[in-house]
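Before any comments, here is the structure.
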Amino acid sequence: MSTELAIGFLPLVDACLPILAREHGFAEDEGVSLRLVKDMSWATVLDRLLYGHSDAAHMVAPLAIATTLGRGRPAQPLSVPFVLGLNGNAITMRSELAAQLRPAGQIGDPATAGAALAEISKVRMAEGRPLRFGVVHRYSSHNYMLRYWLAACGIRPDRDVEITTVAPPFCADALEAGEVDGICVGEPWNSVAVERGVGEIVLMTAQIWRRGVEKVLAMREPVLEVKRDAVERLIRAMRRAGRHFVDPDNWEQNAAILARPEYLDGDAVLIRRALSDRLLLAKDAKELHYPDFMFQYREAANFPWVSQAKWLYTQMVRWDGMEFNPDDANRAARVFRPDVYRSALLGTLDPLPGASSKVEGSIAGPLAVGTQQGRMTLTSDRFFDDQVFDPEDLSGYLSRLP
Amino acid sequence: MRIAIIDESAARASVIQEGLAAIDDCELFVVTERRGLVARIEEIGPDIVLMDLGNPSRDVLEEYFVVSRALARPIAMFVDESDDESIAASIEAGVSAYVVDGLAAGRIRPLLDLAVRRFNAFARLQSDLAEAKGKLAERDVIDKAKRILMDTRSMTEPAAYAELRGAAMNSGRRIADIAEAVITAHSLLGGAK
């Protein structure tokens, strides 16, 4: 008898691991039967999780922390035993704006494009029609990555530019209608905008922070305790799904699975672009290979680093105008559960890092790190502005940020 | 009380509207258009907003409510902790409710209950409709299979039907399933023209 787990998700490429764990039978092999529940907004994914319609959910990482801290709804402690992937988002702008930020046909450089954008934003402010960007949710990595980049380039969000929420399926419409000048969204929605000729990709979020935490598997803390055994099986199944996902031999097949009506209900050709890290920056342009655009498996991609939860907390303080509070910081840090991840994979061939926290942005080149099991080499995790995040000094970090 | 019903399904919105119209002292506004949603809500200035859970614009609306905290009439999701049961029922039915701060729970509860009942009624209507459609399709399949038996084995219509029913009873399957099998077999054997 296998245990059933219901998992909520939004139709995005980075919901791939639970979907593939189910479709390839990896979950069944572990004795877990997955029921996937598709929704169209993060609010509904969260409601279903909180009211027990789902056991776990594909979720934008900051939302798991915001829910734990009671931002927007009464506080409910969530737990993240597994990170579904890093990055995989892009910034797409209206074509005439994109053309002013980077050489045609090339991906932008974050600092150069940001400097050019700062000039444009001044002009637009003076004209009384400030630049407007769309992100998918207030508590999304998209919002924090976009804001991080803008602020580091001297553009103050909410003062120099407006940032508003746009639902992913409507991003291309919003660009076309001129409701926004740019969007920061996951795939396939950048590619959809490109294909419709309403925008061009200017940056990948992986250029802003090379190893930025993106979607997580979130659960209510008490549910994790009750279903702990099934969750550990699910973690093993999703690691196997990740191995399958990154193998070029499987891209075609996996893109076709994700494209099905019950999952993304989208175009397999566009989905394949994201899986293979090969996007078209503009309509009819050549495919551009940007390694690690999506990062779902290698190194410690799925490991819930406590330092990443803390980084998200600092950004919440920064952009919600909250007071820094050490108790909140601790509650946020405890959302990420490396202990569960370790316990699930101990004794398997998957490598486990020795530490559960790291100084984010401090690794420039390949670095062999100490492990609990196996061998692990981490590569660059730099922020584009060379800032370093020390998880033991949150207020110091906050005071250094623009 | 000003109530905004946001639903991209105009049919469902009118079912909800019809239900809530019975409540005294209520002004109803139905919004089915996605574009300009926030501006429209601002214009309406509702005390209560009802929105279907499947609506992709929920995140947009919730952000607006957060930002508008600074405004005179802040709106929050109806998450009075003492009333978990009614929230669970509303999520089960597929409707979310947002309520102006300070509105008495006693006024909200009957309204929300009614909205939940109307949502459920609509869902039942839909499944009845789907079932009716399925039954129609089944009848077509059975008619087609009967026609095949009548043509290939020179049977009368009642005899063809009796044959299908007999096969269904013997194998413990539905007549429609047997009829499908007959059609499939017939076309595999080159009989379909």
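Please compute the modelled spin-label separation between A:Asp249 and B:Ala137, points set 7 Å along Cα→Cβ, answer in nm with one decimal.
3.8
For the stretch A:178-335, what does the convex hull of the Cα positions come to per residue, in cubic angstrom?
Working: hull volume 25.0 nm³, N = 158.
Roughly 158 Å³ of hull volume per residue.
May I ask you to list the lysines whose Cα is less than 24 Å away from that of A:Lys310, ignoring any residue fewer than eight positions away on the same chain?
Those lysines meeting the cut-off are A:Lys215, A:Lys358.
Taking the alpha-carbon set of the stretch A:183-237, what are its Rg and Dmax in Å?
Spelled out, the Cα radius of gyration and Dmax of the stretch A:183-237 are 17.5, 49 Å.
Between the helical axis of A:110-126 and the dominant principal axis of chain A, each derived from Cα atoms, what acute angle in degrees is found, rounded to the nearest 10?
Here the helix axis deviates by roughly 50 degrees.
Can you give me the distance in nm between label points at B:Ala39 and A:Glu323, each placed 7 Å from the Cα along the Cα-to-Cβ direction?
If labels sit at B:Ala39 and A:Glu323, their model points lie 4.0 nm apart.
So which lysines pass the test for B:Lys135, namely a Cα distance under 22 Å, with those fewer than 8 places away in the same chain ruled out?
B:Lys144, B:Lys146
With the contact rule set at Cα under 8 Å and sequence spacing of 6 or more, what percent relative contact order holds for the stretch A:163-317? Don't skip to the answer; put the middle values down first.
Working: 127 pairs, mean separation 33.8, N = 155.
Dividing the mean separation by the residue count of the stretch A:163-317 yields 22 percent.
Averaged over A:164-171, how many beta carbons belonging to a partner chain fall within 10 Å of each residue's beta carbon? Display every interim value, and only then the final one.
Numbers: counts 5, 11, 5, 7, 2, 2, 5, 0.
Taking all residues of A:164-171 together, the mean is 5.
If you average over every viewing direction, what projected area does the convex hull of the Cα atoms of the stretch B:126-192 give, in nm²?
Working: hull surface 19.8 nm².
Approximately 5.0 nm², given one-decimal rounding.
Cα to Cα, under 19 Å, and not fewer than 8 places away if on the same chain: which aspartates and glutamates meet these conditions relative to A:Lys283?
Cα-Cα hits under 19 Å: A:Glu96, A:Asp173, A:Glu176, A:Asp181, A:Glu187, A:Glu195, A:Glu200, A:Asp267.
At A:Leu401 and B:Ala123, where each label point lies 7 Å from the Cα along Cα→Cβ, what is the point-to-point distance in nanometres?
Distance between the two pseudo-spin positions: 4.0 nm.
For B:Lys135, A:Lys215, A:Lys122, what ranking results if the residue with the fewest other Cβ atoms within 10 Å of its Cβ goes first? Could you put the intermediate results ahead of the total?
Working: B:Lys135 11, A:Lys215 29, A:Lys122 15.
Fewest to most other Cβ atoms nearby, the residues stand as B:Lys135, A:Lys122, A:Lys215.
Just want the ordering: B:Met169, B:Met1, A:Met238, from fewest to most Cβ atoms lying within 10 Å of their own Cβ. Please report the intermediate quantities before stating the final value.
Values: B:Met169 11, B:Met1 17, A:Met238 27.
Lowest to highest Cβ neighbour count: B:Met169, B:Met1, A:Met238.
What fraction of the DSSP beta bridges in chain A is antiparallel, stated in percent and rounded to the nearest 5? Write out the running numbers ahead of the final one.
Values: 31 of 49 bridges.
Among the beta bridges of chain A, antiparallel pairing accounts for roughly 65 percent.
Let me have the relative contact order for chain B, percent, based on Cα pairs under 8 Å that are six or more residues apart.
Working: 208 pairs, mean separation 33.1, N = 193.
Answer for chain B is 17 percent.
Of all beta bridges DSSP finds with both residues in chain B, what is the antiparallel percent, to the nearest 5? Numbers along the way, then the final one.
Numbers: 8 of 17 bridges.
In chain B, approximately 45 percent of DSSP beta bridges are antiparallel ones.
Per the Kirkwood treatment, what hydrodynamic radius in Å, one decimal, follows for the stretch A:131-195 from the mean inverse distance over all distinct Cα pairs?
Hydrodynamic radius (Kirkwood, Cα pairs) of the stretch A:131-195 is 11.8 Å.
Could you work out the relative contact order of the stretch A:284-369, using alpha carbon pairs under 8 angstrom and six or more residues apart, expressed as a whole percent?
After rounding, I find 36 percent.
Where Rh is the Kirkwood radius over the Cα pairs of the stretch A:286-402, the temperature 4 °C and the viscosity 1.567 mPa s, what D in µm²/s does Stokes-Einstein return? If you can, show how the numbers build up before the last one.
Numbers: Rh = 15.7 Å.
In µm²/s, the coefficient rounds to 82.
Going by alpha carbons, how many degrees (0 to 90, nearest 10) lie between the helix axis of A:306-320 and the longest principal axis of chain A?
Approximately 40 degrees, to the nearest 10.
To the nearest µm²/s, what D does Stokes-Einstein give for the stretch A:63-109 at 10 °C and 1.306 mPa s, using the Kirkwood radius over alpha carbon pairs as Rh?
Values: Rh = 14.3 Å.
The Stokes-Einstein estimate is 111 µm²/s.
Return the FRET efficiency for the residue pair A:Arg156, A:Glu392: r is the Cβ-Cβ distance, R0 is 25 Å, and the value is rounded to the nearest 0.05. It would help to have the intermediate numbers written out before the result.
Numbers: r = 28 Å, r/R0 = 1.12.
E between A:Arg156 and A:Glu392, to the nearest 0.05, is 0.35.
Would you please give the FRET efficiency between A:Ala118 and B:Ala22, computed as 1/(1 + (r/R0)^6) with r the Cβ-Cβ distance and R0 = 51 Å, to the nearest 0.05?
On the way: r = 57 Å, r/R0 = 1.12.
E between A:Ala118 and B:Ala22, to the nearest 0.05, is 0.35.
I'm a student and want to see the number: the projected area of the Cα convex hull of the protein assembly as shown, averaged over all directions, in nm². Provide the component values of the computation, followed by the final result.
On the way: hull surface 129.6 nm².
Taking a quarter of the hull surface, the average projection is 32.4 nm².
Which semi-axis lengths, in whole Å and largest first, follow from the square roots of five times the eigenvalues of the Cα gyration tensor of chain B? Write out the running numbers ahead of the final one.
Details: eigenvalues 579, 57, 38 Å².
Those come to 54, 17, 14 Å.
Amide H neighbours of B:Val95 under 5 Å, at least 5 residues apart or on other chains, H built in the peptide plane: list them.
Sorted by chain and number, the residues that satisfy this are B:Leu53.
Given H placed 1.01 Å from N in the peptide plane, which residues other than close sequence neighbours of A:Met59 have an amide H under 5 Å from its amide H?
HN-HN under 5 Å from A:Met59: A:Val216, A:Ala218.
Can you pull the mean other chain C-beta count within 10 Å for peptide A:33-46?
On the way: counts 0, 0, 0, 0, 0, 1, 4, 8, 12, 3, 13, 11, 3, 3.
Going residue by residue through A:33-46 and averaging, the value is 4.
If eta is 1.002 mPa s and T is 20 °C, what Stokes-Einstein diffusion coefficient results for the stretch A:1-143, Kirkwood Rh from Cα pairs, in µm²/s?
Using the Kirkwood radius from Cα pairs, D works out to 119 µm²/s.
With N residues in the stretch A:1-73, what two-decimal value do you get for its Cα radius of gyration over 2.2 N^0.38 Å?
Values: Rg = 12.9 Å, N = 73, 2.2 N^0.38 = 11.2 Å.
In units of the globular-protein estimate, the stretch A:1-73 measures up at 1.15.
Using Cβ counts within 10 Å as a stand-in for footprinting exposure, how do B:Arg107, A:Arg382 rank, fewest first?
Details: B:Arg107 15, A:Arg382 19.
If I rank by nearby Cβ atoms, fewest first, I get B:Arg107, A:Arg382.
Any read-out appearing in this document is the output of simple, stated calculations on the displayed coordinates, not a laboratory observation. Note that the structure is predicted; figures quoted are calculated from it, not measured. As a convention, Cβ positions derive from the backbone with ideal geometry for all residues, glycine included, and neighbour counts pool all protein chains shown.
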